1. Of the residues D:Arg66, D:Arg99, D:Arg94, which single one is surrounded by fewer than 24 Cβ atoms within 10 Å (Cβ to Cβ), under 30 Å from A:Gly62 (Cβ atoms) and not polar (S, T, N, Q)?
2. Filter the strands (runs of 3 or more DSSP E) completely within segment D:1-105 down to those with at least 3 residues that are β-branched (Val, Ile, Thr) and either touching a residue at least 24 places away in the same chain (Cβ under 8 Å) or within 14 Å of chain B (Cβ to nearest Cβ) (or both).
3. What tally of residues in segment A:52-79 results from selecting those that are away from chain B (no Cβ under 14 Å) and either within 14 Å of A:Cys96 (Cβ to Cβ) or at pLDDT 80 or above (or both)?
4. For segment C:291-305, name all the residues that are under 14 Å from the mean Cα position of the chain (by Cα) and surrounded by fewer than 18 Cβ atoms within 10 Å (Cβ to Cβ).
5. Just one of B:Ala83, B:Ala61 is under 11 Å from the mean Cα position of the chain (by Cα) and either at the interface with chain D (Cβ under 10 Å from one of its Cβ atoms) or outside any loop (DSSP other than H, G, I, E, B) (or both); which is it?
6. Can you tell me how many residues within segment D:39-57 are closer than 25 Å to D:Gly161 by Cβ and in contact with a Pro (Cβ under 7 Å, 6 or more places away or on another chain)?
7. Can you name every residue in segment A:83-99 that is more than 15 Å from A:Tyr45 (Cβ to Cβ) and either more than 12 Å from chain D (Cβ to nearest Cβ) or more than 19 Å from the chain's Cα centre (by Cα) (or both)?
Amino acid sequence: MYGLQMVRGLLVTLKNLTRKPFTVQYPEERLPQHPRFRGEEFVWYEERCTGCASCAKYCPLGIIKIVTSPSGTAVPQGDKYRLEVFDIEIARCMFCGLCVEACPYDALFMGSGFEQGRYSRRDLVIPIQQLRESDKRPSTWFRPQLEEAKYNPHLGQPVDWKQAGRESWRWHQREKAGLRLDSHPADSNVPDETEKPTQANALPEGPVQGAR
Amino acid sequence: MALKSLGGEEVARRLEAALPGVVERWESSVIWVNPGQIREACLFLRDDPHLDFQFLSSLCAVDWVEHFEVVYHLTSLRKQQSAVVKARVYGRQSPSLPSVYQVWRGADFQEREAWDLMGVRFEGHPNMKRIMLWEGFEGHPLRKDFLQPGANLPHG
Amino acid sequence: MSCRLAADNVLYGNPLFRWVYDLAGSALPCWLAYIIAGLVVMFIVVNGVLAGTAVLTWAERKLLGRFQNRVGPNRWGPFGLLQPMADLVKLLTKENLTPKGADRLVFNLVPILMMMPTLLVVAVVPFAMNTAVADLSIGVLYILAVSSLTILAIFMAGWSSNNRFALFGAARGVAVLVSYEVPVVLSLLGVVMVAGSMSLSGVVEAQAVPFLLVQPIALFVFAAGTSAELNRTPFDVAEGESEIVAGYHIEYSGIKFAIIQASEFGGTITASAVIVTLFLAGWQGPLASYLGWLWFLLKLGLVLFLFVWVRATYPRLRTDQIMAFSWKFLLSISLINLLATSLEIYWLRGAERALTTGDLWIMALMNLAIAAACLLVAGRLSQAKVRRVRPPLPVAASGTAAREAR
Amino acid sequence: MTIRTEPVTVNIGPQHPSTHGVFRLRVTFDGEVVVQVEPVFGYLHRGTEKLAEERNYVQVVTLTDRLDYVSSMTNNQAYCLAVEKLLEVEPPPRGKYLRTITAELQRIASHLVGVGFFLQELGTFGGTPLMYCFRSRERILDLFEMLCGARITVSYMRPGGVFADAPADFWPALATFLNAFPGELAELEQLILENEILMVRTRGVSPLPLDLAINCSVSGPVLRASGLAWDWRKVDPYDAYDKVEFQVPVGSNGDNYDRFWVRMQEVRQSLSIVRQCIAQIEPGPVRLPDLPLVLRAAPGKEAYGRIEAPRGELGFYLVSDGGVSPYRCKIRSPSLINLTVTEHLLVGWKLADMIVTLGSVDINMGEVDR
């Protein structure tokens, strides 16, 4: 009958009047973020970074600037190159995460925040100092080892560089120093005092199957 | 129910039988057509009951530096088959070939786009002007020799 | 020196006016006292309507928000109650633009002309017993005459703005408003006939049975007509923000825009007040008679809620469809209503030439039946246009069943 | 007495509430009736095809997100299919299923946006149905965030599969969505699907005859509304579409209501496809393990990969010269080509119908201008 569907429509809106709103009042309330969220505050572990600039090469927009120099320190200490500049120009960043995907040593992680608004474009560059000092709450995007450890950057504690990789940090340190020649799988599983997980959401040690 | 990709040979044979001399050469899935006769060829491809390519999926131009290649992806909705037809246009100053607007009106915007971005003119198109860029823009940006003014992108 | 107000003065019925007049008249010349008393009453009524408008803007936005599963304004004050203040401050501080090529005089006159009919209508609406500013004996006629002034303002706005969207809006608005005048007038004729009075308080007192029941068709026609005159969904073609952006007031900004918006919301309030008065028995209600204003406000709130509810639900009609709806449907049913009502009155009216409550109930039953019949016939006539097209497609069974089936 | 009238030319857009982005229509009206219309676009032209020539095959995935930003997943899918055709590889089954699930979720989200704005253009004040559509879309975007860390610019798929398997909590969340959404959809249908005002506004308005639609290369829901059951998912099944059952909704005369109806029905079918995929998906790898980060195709090879995107046939024509990036990347965008029929659809109808018809064709400027 004419008008019947219109009455049904009125009933729908009336029903929704009594519902709880689905919107979120942003600054006070927040949507739950998921661990894979690709956010702005990039997490970078200098200890893990070899300065290979894979991230810079793989960035579709070319916004990562890396300058390295040979380090003066001893090679066995795991310092082949010293990072002088590591600028991420987040003004043009589209947070695709390809830099994280490209990083062979799990040194770069996506961050979990989204509130880096600035008043000037010039401020929209993350310099190396900020990367060094920033909170180490990496997103689990493209990092299956963090996901398997059920790490959630939005709840959890910071992740230490020794626990962030998909392989043992000792193995990694040798790798970084270019001493892989005699590397042995058993080598990487030598227990070490400093390797002992101390945090609540500690990450597993030893080689973890990577995504690639 | 699956799409059949028509072999270049079959299409070329039929086309050659109807319009001798129109096919320049063919490969496993592609035929090259004489650009001067592209409209007649397309009309035949559309109206031949065995080919029945009533639907122009895509039209684009590729810059191979020594020539431009205009690529037509055709689909027959009734026979569920597809084919690729190409036409080579030489010359960088004013490459042009007949428009297929009268065959498929779906070519309208794509031909304009090919003119706008690649600089291939389609003769007989009723409204051959720039579509994405503004009138007065110099050059055709999708050409390989187009230099972006002030290009200093890291990947440029 | 004491001034006495003549009993046949239109303002005599208003106790506030008489009190102020007597008070001022004891010290001042009579003509001055008359003006002062008038200004005092005007001040109260105008500000009352404007305050109501402010509350309505908040309430409408809040309600629309909740209808749409949103929160609505909630930043200023508790529940966002101070939002109208924030809006006002914002609009007052905005630049007051006059477009190039606009007819300045006409352009600037429009907000005033828009606001005027809204406020004028309030003058005769009795919010409670003896509270109308002026209880005109031709109140209904006055409302019809004054409220149609809006057309002029809309047309002036569209013409003077030097904007094509505004012109579209004005043309649409005028076309719709003119075509809705006729059924609205005819529908009110039925009400006046049953009440036997054109004064609004007379109509209220005549409603032993609310005219909602006695004149259902008239109520429908009047509600549809006022929706159209107020540019409210589904008849908001003159503004049609998805088509002509804001229609006739597209070029207005700042305080002028605020006044136009306020006059629209105020118009909604006054139209609802008129509906309450004419169809929902005005201030009448159970319990003590001094609670009349409370009943009035309750009913007013209900009608306003209905307006917002409809606005939240329906899409917009096209201009020609709106006019077809008016001329083909509303005009015919209001004519039917008029005919039926006059025949009923002719038969039912007793020797004392007045309708009793029993008569009203009989009329209510008959008119409800006629309304239902009209709806049915109209539904049958228009069925071809709105029939369901085709049933929804079946959906493949999900899960393992589908896998086994293959 | 005759009244002298003259046509009025109005620019609808580029800033107009109903032009789906920065789209401009130069329209000449006679009264309210459209007598001449010319679409003008390019305001959002970012040169995606040129940019793709300067990036490697995987990097281009991020560019495709930004084409039709209302359905990024299907853009990724079309591009990855084209690259896979070029490299002659095929993703593992789980990857295919994940792609199908996400693409269908994206189709639901995209159709909700399309339908919501269509109804908004019909004049539902403040967009009540639009808000209901967005309420449901929000759930889908949440699922995407769970899956790939972003809601709009997903970049989830890669040539050779998807970048990673779904996290463990994705499946319960998807089940929650599948339980909640049919109710919301039913509510939307009750609110508007057969509303009389909608009917009189849209039925018989701007019909598109089938032969014209085919000749103008119109595809997607617009073509199906004109009466042809042409769906690339059926005709040339890609990913996991050959393993699921679904119906192709078809309209009868291609008017605005049919276009709207087809979309509403497709949402139901997509829901069923997602359900079937969940029932069929099995553990396994999601991405080809031996594909390098920087891909190379044989010189001179070319591939045309196409899918049934929510707006129609989305095709990527890739030509390789043996380098790390495509030599030519042509994007056959359905929105642009569906606009070919603008003039036919709009001329002779009123201003109000014009806006609604544009909404029913459901274009996306990111894809039109590229």
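1. On the way: D:Arg99 fails: surrounded by fewer than 24 Cβ atoms within 10 Å (Cβ to Cβ); D:Arg94 fails: under 30 Å from A:Gly62 (Cβ atoms).
D:Arg66 is the lone residue from the list that is surrounded by fewer than 24 Cβ atoms within 10 Å (Cβ to Cβ), under 30 Å from A:Gly62 (Cβ atoms) and not polar (S, T, N, Q).
2. Values: elements: D:8-12, D:24-30, D:33-40.
Passing ranges, in order: D:33-40.
3. Filtering segment A:52-79 down to residues away from chain B (no Cβ under 14 Å) leaves A:52, A:54, A:67-79.
From the residues that got through so far, the ones that are either within 14 Å of A:Cys96 (Cβ to Cβ) or at pLDDT 80 or above (or both) too are A:52, A:54, A:67-69.
Residues flagged as away from chain B (no Cβ under 14 Å) and either within 14 Å of A:Cys96 (Cβ to Cβ) or at pLDDT 80 or above (or both) within segment A:52-79 amount to 5.
4. Step one: list which residues in segment C:291-305 are under 14 Å from the mean Cα position of the chain (by Cα), which gives C:299-305.
Scanning segment C:291-305 gives C:Gly301, C:Leu302, C:Phe305.
5. On the way: B:Ala83 fails: under 11 Å from the mean Cα position of the chain (by Cα).
From the options B:Ala83, B:Ala61, the qualifying one is B:Ala61.
6. Count: 4.
7. Residues of segment A:83-99 more than 15 Å from A:Tyr45 (Cβ to Cβ): A:84-85, A:87, A:89-98.
Of everything in segment A:83-99, those that are more than 15 Å from A:Tyr45 (Cβ to Cβ) and either more than 12 Å from chain D (Cβ to nearest Cβ) or more than 19 Å from the chain's Cα centre (by Cα) (or both) turn out to be A:Glu84, A:Val85, A:Asp87, A:Glu89, A:Ile90, A:Ala91, A:Arg92.
Per-residue answers, yes or no, for (1) more than 14 Å from every other protein chain (Cβ to nearest Cβ); (2) without any contact (Cβ under 8 Å) to a residue 12 or more places away in the chain; (3) over 24 Å from D:Lys301 (Cα atoms):
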| residue | (1), (2), (3) |
| --- | --- |
| B:Ala41 | yes, no, yes |
| B:Asp52 | no, no, yes |
| B:Ser76 | no, no, no |
| B:Arg112 | no, no, yes |
| B:Leu117 | no, no, no |
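The values are calculated or read from the model by the stated rules, or taken from the named source; none is laboratory data. Since this is a predicted model, take the numbers as computed values, not measurements. With ideal geometry, Cβ positions are generated from the backbone for all residues, glycine too; neighbour counts draw on all protein chains shown.
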